[in-house]
Amino acid sequence: MLLNAQKHEVDLLKKHGSINEDEHTEIRDELNIRINNLDYIDLTWESYDDLSTIHLVCPSFPSLQGDLKKRVNENKKSVKFAKGETIFSKGQEAKGIYIIVKGLVDELFDSGWSHTHSRGGEIGYHSILCAENASHDSYVSRSTLTAQTAGEYFFLDTNTIKELCDSNKDYNRRIYQISL
């Protein structure tokens with residue numbers, strides 16, 4: 001969690017002009033490597049009736065209560081991808097978001113810009129929230145995500161994410177910030 005917090009601080013330093021793009025990339029890449037090399041507790045969603053598993057990996061995920069918590073638990077999935085496997089491609093239907101439990105992924109955009117995500121990373125919000133997808137019942141991926149290492153992920157479908165956004169305004173605001 002501390003290394004993920006450091007990544008956030010590095011992002012803020014770049015945003016405020018304290019460090020340049022090259023410094024930002026170098027520091028984030030180093031933090032991603034360190035995060036990926038940490039030992040982790042091999043927890044599975046099936047072992048828990050609540051969302052405690054996801055909070056160990058992604059503490060910023062909202063705490064849920066009642067019916068919403070039950071529906072999210074019913075809709076969550078644990079998935080694995082091999083090194084080099086494409087998780088989703090630009091132009092394909094965006095079916096939901098992935099939260100990285102273990103592994104590194106590279107997200108590539110049309111502009112040629114790429115971003116490496118590691119444990120705790122939440123990927124896929126921008127495809128659900130982007131302007132051209134906002135008024136549709138289905139969504140199109142705006143990037144390509146490839147596993148750099150074999151990895152394990154939590155998956156939540158778009159309907160579950162929309163329900164979370166509608167019921168939790170803080171979460172809604174946070175994922176809009178993530179997707180920018």
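Over 26 Å between C-alpha atoms is what I'm after, so list which of 14/76; 14/80; 69/95 land there.
Details: 14/76 34 Å; 14/80 32 Å; 69/95 20 Å.
With Cα atoms farther than 26 Å apart: 14/76; 14/80.
Could you sort the peptides 151-160, 116-125, 13-22 by per-residue average Cβ neighbour count (10 Å cutoff), highest mean leading? Before the final figure, lay out the partial values.
Numbers: 151-160: 19.4, 116-125: 22.1, 13-22: 11.3.
Top to bottom by mean Cβ count within 10 Å: 116-125, 151-160, 13-22.
Among 74, 107, 30, which comes first, then next, by fewest other beta-carbon atoms within 10 Å?
Numbers: 74 8, 107 20, 30 13.
Lowest to highest Cβ neighbour count: 74, 30, 107.
Only the coordinates and a few stated rules stand behind these numbers; no lab work does. The model shown is predicted, which means the values in this text are computed figures rather than measured ones. Virtual Cβ from ideal backbone geometry, glycine too; neighbours counted across all protein chains shown.
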